[in-house]
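The values are calculated or read from the model by the stated rules, or taken from the named source; none is laboratory data. Since the structure is predicted, the reported quantities are computational estimates derived from the model, not experimental observations. Don't worry about glycine lacking a Cβ; one is built from the backbone with ideal geometry, like all the others, and counts go over all protein chains shown. Accessible surface is based on the protein model in full, side chains and every heavy atom, while ligands, DNA and RNA are left aside. Shrake-Rupley method; radii C 1.70, N 1.55, O 1.52, S 1.80 Å.
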Amino acid sequence: MILFPAIDLKNGQCVRLEQGDMARATVFNLNPAAQAQSFAEQGFEYLHVVDLDGAFAGKPVNAEAVEAMLKTIKIPVQLGGGIRDLATVEAWLDKGISRVIIGTAAVRDPELVKSAAKKFPGRVAVGLDARDGKVAVEGWAETSQVTVLEIAKRFEDAGVAAIIFTDIARDGLLKGLNLDATIALADAISIPVIASGGLASIEDVQAMLTPRAKKLAGAIAGRALYDGRLDPAAALTLIRNARA
């Protein structure tokens, strides 16, 4: 189980949104590279980054901030937001991103995910963000008519590294992970699933380590880390002990 600290980028700054609403953004750090460095020093093994402006624009917008992070830290980074074609996938992987996350394009253009995963095995993840079980796209501005499971099943044999499943209703609100829905998804597919949206406390981390959650590959923590509700050292120690 990997605990991914999240850095969401808006206007070159590190922010957190509530329920994906750009109008409800809180700025936590003006310097994303310094924030990334802080997470690396705290002992996190893998960083989760989202280019929020890119998700709306359909192309990378906060590239400068991402590149500054890559120069600053040695731990691997997974990046989503505005990755809609193979050229963008390739460009980010060339720049040192370990894994790209394809969201909107996974719904609109499943062939892109399949060709990217074939070309770059283990380095392409799919981000599925759900509102009432239906997948939302375009920076969560639109809700599609397809379910998370329908989309996830399209990529069963495509070589996708992970599915990152976010419950939008909980995102940024510290209500706790929607583990029931996340575990149900993980049980229905063979692709590893990462839980996202609402992680609020050490109890959420403990819940991720219970036998029923054993198929989950990790969880993403955002606001709880920035607000100080989740102690990184305590969380990482729990995870290390569970692995031993």
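Consider S190 against the criteria (1) of a type in the set (S, T, N, Q); (2) under 16 Å from the mean Cα position of the chain (by Cα); (3) open to solvent by 10 Å² or more (accessible area, probe 1.4 Å): it satisfies all of them except one. Which criterion is unmet?
(2)
Within the stretch 161-173, can one find any residue that is closer than 23 Å to P76 by Cβ, at pLDDT 95 or above and of a type in the set (S, T, Y)?
No - not one qualifying residue is present in the stretch 161-173.
Identify all residues within the stretch 110-130 that are among the charged types (D, E, K, R) and farther than 20 Å from I189 by Cα; write none if there are none. So that I can check it myself, show each step before the final result.
Kept after step one, since they are among the charged types (D, E, K, R), are these residues of the stretch 110-130: 111, 114, 118-119, 123, 129.
Within the stretch 110-130, K119 is the sole residue that qualifies.
Given the conditions (1) assigned to a strand (DSSP E or B); (2) surrounded by fewer than 20 Cβ atoms within 10 Å (Cβ to Cβ), report the number of the one that A181 does not fulfil.
(1)
From the set of residues in the stretch 193-222 that are among the basic types (K, R) and part of a loop (DSSP other than H, G, I, E, B), which is most open to solvent (accessible area, probe 1.4 Å)? Write out each step before concluding.
Taking the stretch 193-222 as the starting set, the residues that turn out to be among the basic types (K, R) are 212, 214-215.
With the extra rule that they be part of a loop (DSSP other than H, G, I, E, B), the set shrinks to 214-215.
Values: K214: 166, K215: 96 Å².
So the residue we want is K214.
Kindly state which strands (runs of 3 or more DSSP E) lie completely within the stretch 48-157 and contain at least 2 residues that are without any contact (Cβ under 8 Å) to a residue 12 or more places away in the chain and open to solvent by 10 Å² or more (accessible area, probe 1.4 Å). Spell out how you get there, then give the answer.
Details: elements: 77-80, 99-102, 124-131, 134-137, 142-147.
The qualifying strands (runs of 3 or more DSSP E) are 142-147.
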